[in-house]
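Novice: The structure's right below; bear with me while I get my questions together.
The values are calculated or read from the model by the stated rules, or taken from the named source; none is laboratory data. In this text the structure is predicted, and so the values were computed from the model without any measurement. Methodologically, a virtual Cβ is constructed for each residue, glycine included, from the backbone with ideal geometry; neighbour enumeration extends over all protein chains shown. The accessibility values were calculated without ligands, DNA or RNA, using every heavy atom of the protein model including side chains. Shrake-Rupley method; radii C 1.70, N 1.55, O 1.52, S 1.80 Å.
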Amino acid sequence: HGIISREQADEILAGVEGAYILRESQRQPGCYTLALRFGNQTLNYRLFYDGKHFVGEKRFESIHDLVTDGLITLYIETKASEYISKMTTNPIYEHIGYATLLREKVSRRLSRTKNESRKASVTSEENTPVEKITSLVRRAALTQNDNHFNYEKAHNFKVHTFRGPHWCEYCANFMWGLIAQGVRCSDCGLNVHKQCSKYVPNDCQPDLKRIKRVYCCDLTTLVKAHNTQRPMVVDSCIREIEARGLKSEGLYRVSGFTEHIEDVKMAFDRDGDKADISASIYPDINIITGALKLYFRDLPIPVITYDTYSKFIEAAKISNPDERLEAIHEVLMLLPAAHYETLRYLMIHLKKVTLHEKENFMNAENLGIVFGPTLMRPPEDSTLATLNDMRYQKLIVQILIENEDVLF
């Protein structure tokens, strides 16, 4: 409608609920406003375009879709604001009978690791809308008895557009809107309102169907998806190295052929714990050590996490050996459980490597040089910070190896 005032827009839209026009701003030529009639008044929104139209977070292919979604949201928020504010106060997610059903379903998926799967029944006097919520039944947190490796994991929520009617799996209420009605956990598939996602506990149980690869996958996500104590890559490689490579000269320092290491990576991504890395396929043990180091380097969050990195570096700078050891132990306790267990297992292995120093010429200091930058990286991608911290990274790993029986 060109450059027109708010008053003119109001006159054009008067009495036509749900009608809208686009106008160029009088105060800021070149800027556009969506004038929308709702609740017997004209609402004005600054309109933006970056390839798609938007006035808030949601992006739309057409103005008509934007208005449709806006009218739905305005109607819900106007007519049911009190109801919305109470949605999270009595969530079905915490319903006792419901949680029992969830544990039973997940236990079935994990039955391959148990001698006998236990049956659970759902008893509830109320007629709860459990039947609506189908995907949550495949997940839900396992109790300590249900899963021996019950590491805590936050959900990986991302905005999602649902096709057709959908209900929140936390509060069991309708998810409204035309697009981006809620969020979905990309690791386990949990679907909830965006506001409900703030209340969901850190009980993500990743679904193997959603984990597309082994390398470059979050460490905790991988172990929970496979229901293992540590990443199967770590167990498989270390088992192979200890079986035939502990006396190999320059173990971990000597590199294997890059293309063969990539082959091992692809084998794990494709076959998981069934990947064949035996001597008949890869006779050079340096290929296996290279694949293990590559796994650690490819982790999106290092084994020694970004959150604890600076604390480890500060601990390494302490001059008194006893105080330094105590400080390192305290920081170790801050690591996520899966990261701690993986680091512990690796240090036990590397200690075994040092016991064969006469044959492999690899002591704790040499291994510290190799594994320092592999196991820990500074949070900010700074070459200068990496160079400045390199000697402390080496020292941390060296201390962890030499004192693994005390620190872990």
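Novice: For ASN202, which of the numbered conditions (1) within 15 Å of the chain's Cα centre (by Cα); (2) open to solvent by less than 30 Å² (accessible area, probe 1.4 Å) fails to hold?
Specialist: Checking ASN202 against (1) within 15 Å of the chain's Cα centre (by Cα); (2) open to solvent by less than 30 Å² (accessible area, probe 1.4 Å), the one that fails is (2).
Novice: When the residues of region 242-258 are narrowed to those that are of a type in the set (D, E, K, R) and not in a helix (DSSP H, G or I), which ends up surrounded by the fewest Cβ atoms within 10 Å (Cβ to Cβ)? Full working, then the answer.
Specialist: Step one: filter region 242-258 for residues of a type in the set (D, E, K, R), giving 242, 244, 247, 249, 253.
From what's left, not in a helix (DSSP H, G or I): 247, 249, 253.
Numbers: LYS247: 12, GLU249: 10, ARG253: 15.
Going through the qualifying residues, I end up with GLU249.
Novice: Checking the conditions here, which among ALA35, ALA80, ALA9 is more than 44 Å from the chain's Cα centre (by Cα) and open to solvent by less than 80 Å² (accessible area, probe 1.4 Å)? Can you show your working first?
Specialist: Working: ALA35 fails: more than 44 Å from the chain's Cα centre (by Cα); ALA80 fails: more than 44 Å from the chain's Cα centre (by Cα).
So the residue among ALA35, ALA80, ALA9 that is more than 44 Å from the chain's Cα centre (by Cα) and open to solvent by less than 80 Å² (accessible area, probe 1.4 Å) is ALA9.
Novice: Working only within region 264-278, note down all residues that are crowded, with 18+ Cβ neighbours inside 10 Å and under 21 Å from ARG244 (Cβ atoms). If you could, list the steps in order and put the result at the bottom.
Specialist: Step one: filter region 264-278 for residues crowded, with 18+ Cβ neighbours inside 10 Å, giving 264-265, 267-268, 272, 275, 277.
If the condition is that a residue be crowded, with 18+ Cβ neighbours inside 10 Å and under 21 Å from ARG244 (Cβ atoms), then VAL264, LYS265, ALA267, PHE268, ALA275, ILE277 are the ones that fit.
Novice: Quick one: how many residues across region 207-241 are under 18 Å from VAL159 (Cα atoms) and crowded, with 20+ Cβ neighbours inside 10 Å? Before you say what the answer is, go through the steps one by one.
Specialist: Taking region 207-241 as the starting set, the residues that turn out to be under 18 Å from VAL159 (Cα atoms) are 210.
From what's left, crowded, with 20+ Cβ neighbours inside 10 Å: none.
Number of matching residues: 0.
Novice: Among (1) part of a loop (DSSP other than H, G, I, E, B); (2) surrounded by 17 or more Cβ atoms within 10 Å (Cβ to Cβ), which single condition is ILE261 missing?
Specialist: Answer for ILE261: the failing condition is (1).
Novice: Listed residues LEU13, LEU36, LEU66, LEU22; which is outside the structural domain of LYS158 (by the TED database) and touching a Gly at 6+ places or on another chain (Cβ under 9 Å)? Talk me through it step by step, then tell me what you get.
Specialist: Details: LEU13 fails: touching a Gly at 6+ places or on another chain (Cβ under 9 Å); LEU66 fails: touching a Gly at 6+ places or on another chain (Cβ under 9 Å); LEU22 fails: touching a Gly at 6+ places or on another chain (Cβ under 9 Å).
Every option except LEU36 fails the conditions.
Novice: Now, a different point. Hey, any hits in region 87-97 for a residue that's under 20 Å from PHE162 (Cβ atoms), among the aromatic types (Phe, Trp, Tyr), open to solvent by 40 Å² or more (accessible area, probe 1.4 Å) and in a helix (DSSP H, G or I)? Let's see the steps before the verdict.
Specialist: Looking only at region 87-97, we keep the residues that are under 20 Å from PHE162 (Cβ atoms), and these are 87-88, 91-93.
Filter again for among the aromatic types (Phe, Trp, Tyr), leaving 93.
Then keep just the ones that are open to solvent by 40 Å² or more (accessible area, probe 1.4 Å); that gives none.
Looking for residues that are under 20 Å from PHE162 (Cβ atoms), among the aromatic types (Phe, Trp, Tyr), open to solvent by 40 Å² or more (accessible area, probe 1.4 Å) and in a helix (DSSP H, G or I), one finds none in region 87-97, hence no.
Novice: A follow-up question, please. Look at ASP284 and say whether it is within 21 Å of ALA338 (Cα to Cα) and either in the same structural domain as ALA338 (by the TED database) or of a type in the set (Val, Ile, Thr) (or both). Talk me through it step by step, then tell me what you get.
Specialist: Details: within 21 Å of ALA338 (Cα to Cα): no; either in the same structural domain as ALA338 (by the TED database) or of a type in the set (Val, Ile, Thr) (or both): yes.
It is false that ASP284 is within 21 Å of ALA338 (Cα to Cα) and either in the same structural domain as ALA338 (by the TED database) or of a type in the set (Val, Ile, Thr) (or both).
Novice: Of all helices (runs of 4 or more DSSP H) completely enclosed by region 295-389, which ones contain at least 1 residues that are of a type outside the set (Asp, Glu), over 19 Å from SER248 (Cβ atoms) and open to solvent by less than 20 Å² (accessible area, probe 1.4 Å)?
Specialist: On the way: elements: 306-316, 321-332, 337-354, 357-360, 364-375.
Passing ranges, in order: 306-316, 321-332, 337-354, 364-375.
Novice: If I ask for residues that are farther than 16 Å from GLY2 by Cβ and among the polar types (S, T, N, Q), which ones from region 32-51 would you list? I'd like the intermediate steps shown before the answer.
Specialist: Initially, region 32-51 is screened for residues farther than 16 Å from GLY2 by Cβ, giving 36-43, 45-46, 48-51.
Answer for region 32-51, where residues must be farther than 16 Å from GLY2 by Cβ and among the polar types (S, T, N, Q): ASN40, GLN41, THR42.
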